[in-house]
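The values are calculated or read from the model by the stated rules, or taken from the named source; none is laboratory data. Only a predicted model underlies this, so the values are computations on that prediction, with no experimental measurement involved. Virtual Cβ from ideal backbone geometry, glycine too; neighbours counted across all protein chains shown.
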Amino acid sequence: MWGYSFMRRAFAATTVLSVSMAPVGAFLVLRRLSLAGEAMAHAITPGIVIAFVFTGLSVTSLLVGGLAAGMAVATLSAVLSRTTIIRGDASLASFYLIALALGIFILSAAGSAVPLRSFLFGSILGLDDESLLLLGVVATVTLVSFSWLLRPLIMSTCDPAFFESQATRPWVTDQAFMVLLVLNLLGAFKTMGTLMAVGLLILPATAARCWAVSITGQIGFGVVFSLVSSWLGLCISYAFPDTPSGPAIILVAGFIFLLSTLVGPFGFGRRIRLRSFKADKPQTRAPV
Amino acid sequence: MDVPAGTMLAVLGANGSGKSSFIKALLGVLSPLSGEVTWPHQKTHTVAYLAQRTEFDQLFPLRVRDLIAMGKWRGTRFWSRRSWAHSDELLDAAARVDLQGVLNEPMHILSGGQLQRALFARVIMQDAPFVFLDEPFSAIDEKSERLLQELILEWREQGRTVVLAIHDLSAVLRHCDAALLLGEGRATFGAPGEVLTAQNLIDQGYLSRDRAAWIVDHQVSLGLQRSA
């Protein structure tokens, strides 16, 4: 397996991606943005497609196009939900559907050489030097930003009212997090495709939530879970010829998630304990 | 209105009369529709704020210890290696609110009263000259309320300015230096005994006519007002 350079690249890429996506995924889940992350993954498609049609398969244009499309959809849906009766989730869903349809339409209309399949599921086994470089840059930017953002993000997620009263510019934290989210989705887009990109963000984070007591633990478990899923997934797709590696990775991540909900201290076990704890408590309210 | 430093100001009003919005405007989180807020000196670093818990996410993975240590966030620089979560100051604060036993537990196991006490410990950690409390006693038991009341009174003794939104009229009459009554598009400001008259409370939609008689009796018993 190590004899093939494409496998070595795939291992390197998913390792870097796992380390970079774990902290973003942790906060995505904790900020109740799990589904918004999925939407954003689709929303960046038209930017990438337009960039691709006009400039070819260059990493810079992918980055610029994806960032522009992602931020445009995020901003538009935020404005719409603030100024009209439409709720935030509904407006985001509407815009991402438009964006996704637009992306696939342009891709087909331009008669592109890149098959739709690789847009939807990525091409993890066909990564060139430029794509690896992109992943490296994304991971570096993410980790350096997080060393600054961690504390403000913890506060704005856990206790937003308190955070707003203490921070001088609270909106910077939220915006920076959105940019990091789009950057990581772009990195994942190249390897996992638009359908599977969010998988490595969400599943290791939700699995980690069943184990972690602190935010450090949440991120740490997330890194470990996504590394294990990436490596195992790649091995599985290598062992069974003609199976796609992206879905294989996500399937392993899904398995870890299901396992965590079953045996994790804050999974099903905790529910049972909570119930018995409540039953122990004396009834304080007098019958009406 | 002018609130001298060291005042304990009660903000009263029916639900929806704008108590929380008023406090947020003072904090600069909301910008006032008209008028302006001036502070004696720089606002941030020096304001402790305890909001209502509607936006608080108790399921966030955080130890009780780290929640209380948040109070020191403004004073902690990026490169600081000092861990407030394990400082003596934090232990003292936890002891004041009787939470030493659960410091290492995840905060989602705390009951409503325990969480409120942890948030009070965070206010203690902030050690700020201005303390803003938005309905600090909602949904907590008698024992916790007594403990927290003592803390608030102590903060006033220490010369801190305390602004609190509260529904306990009798406590306001007994302990506060000033009161602001909001409601029906009006604001009445002054000493508690002058603001909390039966007439004002009825006019500003805080009490019904039959309940208002009670406040007059209560003020008389506290010697704040001669019987009308």
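Give me a count of the residues in the stretch B:1-60 that are of a type in the set (A, V, I, L, M, F, W, C) and surrounded by fewer than 11 Cβ atoms within 10 Å (Cβ to Cβ).
Count: 3.
Which ones in the stretch A:24-79 are of a type in the set (A, V, I, L, M), in contact (Cβ under 8 Å) with a residue 24 or more places away in the chain, more than 30 Å from residue A:209 (Cα to Cα) and buried (at least 18 other Cβ atoms within 10 Å of the Cβ)?
Listed by number, the residues that qualify are A:48, A:49, A:50, A:59, A:62, A:63, A:69.
Restricted to the stretch A:1-54, and to residues that are over 17 Å from the mean Cα position of the chain (by Cα), of a type in the set (Gly, Ala, Ser) and part of a helix (DSSP H, G or I), which residue is modelled with the highest pLDDT?
Checked the stretch A:1-54; the qualifying residue modelled with the highest pLDDT is A:12.
Pick from the stretch B:1-57 the residues that are closer than 24 Å to residue B:185 by Cβ and of a type in the set (Asp, Glu): which of them is farthest from the other protein chains (Cβ to nearest Cβ)?
Only one residue fits best here, namely B:2.
Going through A:187, A:193, A:126 one at a time, which residue ends up being modelled with pLDDT under 90, more than 14 Å from every other protein chain (Cβ to nearest Cβ) and more than 21 Å from residue A:33 (Cα to Cα)?
Matching residue, one of A:187, A:193, A:126: A:126.
Of the residues in the stretch B:62-76, how many are at the interface with another protein chain (Cβ under 7 Å from one of its Cβ atoms) and either of a type in the set (Ser, Thr, Tyr) or in contact with a Lys or Arg (Cβ under 7 Å, 6 or more places away or on another chain) (or both)?
Of the residues in that region, 2 qualify.
Could we say that residue A:172 is away from chain B (no Cβ under 14 Å), assigned to a helix (DSSP H, G or I), at pLDDT 85 or above and more than 30 Å from residue A:129 (Cα to Cα) here?
The answer is yes for residue A:172.
State the number of residues belonging to the stretch A:27-54 that are under 20 Å from residue A:152 (Cβ atoms) and either within 14 Å of another protein chain (Cβ to nearest Cβ) or among the hydroxyl-bearing types (Ser, Thr, Tyr) (or both).
Count: 7.
Could you say which residue among B:173, B:151 is more than 30 Å from residue B:100 (Cα to Cα), of a type in the set (A, V, I, L, M), modelled with pLDDT of 80 or more and part of a helix (DSSP H, G or I)?
Testing whether each residue is more than 30 Å from residue B:100 (Cα to Cα), of a type in the set (A, V, I, L, M), modelled with pLDDT of 80 or more and part of a helix (DSSP H, G or I) leaves just B:173.
Could you identify the single residue in A:163, A:177, A:119 that is surrounded by 21 or more Cβ atoms within 10 Å (Cβ to Cβ) and within 14 Å of chain B (Cβ to nearest Cβ)?
A:163
Can you name the residue in the stretch B:102-152 that is surrounded by fewer than 19 Cβ atoms within 10 Å (Cβ to Cβ) and within 11 Å of chain A (Cβ to nearest Cβ) and is also farthest from residue B:87 (Cα to Cα) among such residues?
The selected residue is B:141.
Could you check how many residues of the stretch A:133-160 are surrounded by fewer than 17 Cβ atoms within 10 Å (Cβ to Cβ), among the aliphatic types (A, V, I, L, M) and either at the interface with chain B (Cβ under 8 Å from one of its Cβ atoms) or within 11 Å of residue A:16 (Cβ to Cβ) (or both)?
Total satisfying the criteria: 3.
Which one of A:130, A:164 is in a helix (DSSP H, G or I), more than 30 Å from residue B:108 (Cα to Cα) and among the acidic types (Asp, Glu)?
A:130
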